[in-house]
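A short worksheet on the structure shown next.
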Amino acid sequence: MSTVISKKVYSRYFDKIVSGEKTYEVRLADWDCAPGDILELVDIADDTREPTGRVLRKKVGTVVRTKDIDFWPTEAIEKYGYQVISLLPEEGAA
């Protein structure tokens with residue numbers, strides 16, 4: 001059974017999610033979600049942080065938590081940080 005989780009998102013990101021340009025979400029892992037849950041995104045104005053009335057629901061796919069990832073040395077992470085990369089289909093690819 002899926003859980004519905006409501007989270008606020010700034011309009012500048014909300015619009016990119018609606019258009020399909022942004023296909024990921026980066027969040028502090030201070031709450032639980034799992035594949036199959038529903039993430040209810042509540043649009044909030046960039047300047048006032050007040051809800052605009054727009055709401056979008058997305059199904060949670062893969063969830064990756066980074067706290068225990070030890071692929072790289074701490075010094076490299078502190079120097080470069082992480083990148084979150086969205087993977088989209090290549091045009092014309094089979």
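The values are calculated or read from the model by the stated rules, or taken from the named source; none is laboratory data. The shown structure was predicted, so the numbers you read here are calculated from the model rather than taken from an experiment. Note: ideal-geometry Cβ built from the backbone for every residue, glycine included; neighbour counts use all protein chains shown. Calculation scope for accessible area: heavy atoms of the full protein, side chains included, ligands and nucleic acids excluded. Shrake-Rupley method; radii C 1.70, N 1.55, O 1.52, S 1.80 Å.
Give me the pairs: first residue in the stretch 1-23 and closer than 18 Å to GLY61 by Cβ and touching a residue at least 60 places away in the same chain (Cβ under 8 Å), second residue open to solvent by 70 Å² or more (accessible area, probe 1.4 Å) and in a helix (DSSP H, G or I), beta-carbon distance under 6 Å, and six or more apart or on different chains, which are they?
Pairs found: LYS22/LYS16.
I'd like to check something: does the stretch 35-47 contain any residue that is part of a loop (DSSP other than H, G, I, E, B), without any contact (Cβ under 8 Å) to a residue 12 or more places away in the chain and surrounded by 10 or more Cβ atoms within 10 Å (Cβ to Cβ)?
no
Which ones in the stretch 11-28 are hydroxyl-bearing (Ser, Thr, Tyr), exposed (fewer than 14 other Cβ atoms within 10 Å of the Cβ) and more than 10 Å from the chain's Cα centre (by Cα)?
If the condition is that a residue be hydroxyl-bearing (Ser, Thr, Tyr), exposed (fewer than 14 other Cβ atoms within 10 Å of the Cβ) and more than 10 Å from the chain's Cα centre (by Cα), then SER19 is the only one that fits.
Pairs needed: first member in the stretch 57-71, without any contact (Cβ under 8 Å) to a residue 12 or more places away in the chain; second member anywhere, in a loop (DSSP other than H, G, I, E, B) and open to solvent by 100 Å² or more (accessible area, probe 1.4 Å); C-beta distance under 8 Å; at least 6 residues apart or different chains.
Filtered contacts from the stretch 57-71: no entries.
Of THR62, THR74, which residue is hydroxyl-bearing (Ser, Thr, Tyr) and open to solvent by 90 Å² or more (accessible area, probe 1.4 Å)?
THR62
Restricting attention to the stretch 49-75, which residues are modelled with pLDDT under 90 and farther than 29 Å from SER19 by Cβ?
LYS67, ASP68, ILE69, ASP70, PHE71, TRP72, PRO73, THR74, listed by residue number.
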